[in-house]
1. Take the residues of region 35-51 that are hydrophobic (A, V, I, L, M, F, W, C) and surrounded by 16 or more Cβ atoms within 10 Å (Cβ to Cβ): which is modelled with the lowest pLDDT?
2. Name the pairs: first residue in region 164-182 and without any contact (Cβ under 8 Å) to a residue 12 or more places away in the chain, second residue in a loop (DSSP other than H, G, I, E, B) and hydrophobic (A, V, I, L, M, F, W, C), Cβ to Cβ under 7 Å, at least 6 apart or on different chains?
3. Please go through region 199-232 and pick out each residue that is of a type in the set (S, T, Y) and near the ligand (Cβ under 10 Å from one of its atoms).
4. Could you please find all residues in region 210-268 being in a helix (DSSP H, G or I), among the β-branched types (V, I, T) and under 23 Å from the mean Cα position of the chain (by Cα)?
5. Residue check: is L196 within 16 Å of the ligand (Cβ to nearest atom), farther than 21 Å from D136 by Cα, hydrophobic (A, V, I, L, M, F, W, C) and part of a helix (DSSP H, G or I)?
6. From the residues in region 167-181 that are under 17 Å from D262 (Cβ atoms) and within 15 Å of the ligand (Cβ to nearest atom), which one is surrounded by the most Cβ atoms within 10 Å (Cβ to Cβ)?
7. Within region 57-104, how many residues are in contact with a Leu (Cβ under 9 Å, 6 or more places away or on another chain), farther than 22 Å from A156 by Cβ and surrounded by 17 or more Cβ atoms within 10 Å (Cβ to Cβ)?
8. Could you run through region 45-76 and say how many residues are β-branched (V, I, T) and in a loop (DSSP other than H, G, I, E, B)?
Amino acid sequence: MELESSFPSPILLDNCVYSLGEGTLIPFWNVVWLNVGRLSDLFPVLFLNSSAKDGTVFSMGKWTGTRWEWGSFGLDASDVILMQDISDLRNLIANITPNSSVRDSLEWGKGEDSGYTTKSGYINLCSMQEIPTVVDNVRNSLSVNWKALVPFRIKAFGWRCLIDRLPLKIPLIRRGVSVEPCCVLCCGGDEDASHLFLYCSFSKQIWREISSWLGITVTLEGPVQEGLLSWVRECRKEGVGKNSASGIWLTIVWCIWRHRNDIVFNGASPILTDLVWYIKLKLWKWLSVGNISLTKCNFYDFCKNPVGNLG
Ligand SMILES: [Zn+2]
């Protein structure tokens, strides 16, 4: 289908793929024109800060002779908070160039060679009945992530974890990288986000230690997004605020990730007690920012009564 100035109904767009031509009709941020998804979902902080939210792909760069150069995406490149994401975005699209001799187009069926029919449209709409649960969990977990009481870089890590963009072994193998799939913490399972952060026998012990310290009963189930949401629900039952609860979850997951990297890159060994103390120390430090009662509490008192001091 050739793209003119109007677009198909949004409800049908989910089953369409944009094919980049000259780029003048494809919105840069808000539709899927790369096989990794919408750029507004992958880089929400950049999208929120961009002064060119409605810009087309073509408007985000310029031709210099025969060479295409990406521009600033409506962003302030000197903003230190945005620098890393801008660099990631530039790397992601570095080899993509509009083709000025081809018009932008839209294909139905995600690359299937079938074309649009009333029947395929109807089947697509029916299949969407099952989508909201998955989509809602991802969207809700991302919203909870950005409000957590942890430093921005930990929220940025959480975002990558929740959209499955961490360089874990199973996702790397799917991309054709040759690595051993086994988890370095337990050597008993394949390393994807759910295993490493929730179901690994080593990580399970961490969750058990921290939840028992907090007086919270937690059931580990589902993927990481559901893990975050159910953790926040359980914490709130015990009187822990939503943003503190999500801050605790992100701190635990980030500390497991850091410990895993220490093993992979520095030859360290998995040591449960050290990691539990490290998590408690980080929680005391990070959650006290914006929590007046915790700023008055020393680390010893926090360890004795964490939930009482979280307020
Ligand atoms: Zn494991």
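The values are calculated or read from the model by the stated rules, or taken from the named source; none is laboratory data. Since the structure is predicted, the reported quantities are computational estimates derived from the model, not experimental observations. When we count neighbours, we look across all protein chains shown, and the Cβ atoms used for this are built from the backbone with ideal geometry, even at glycine.
1. L42
2. What qualifies is L172/V179; I173/V179.
3. The answer is Y199, S201, S203.
4. Those that are in a helix (DSSP H, G or I), among the β-branched types (V, I, T) and under 23 Å from the mean Cα position of the chain (by Cα): V224, V232, I248, T251, I252, V253, I256, V264.
5. Yes: the conditions hold for L196.
6. Top of the filtered list is L168.
7. Of the residues in that region, 4 qualify.
8. Count: 2.
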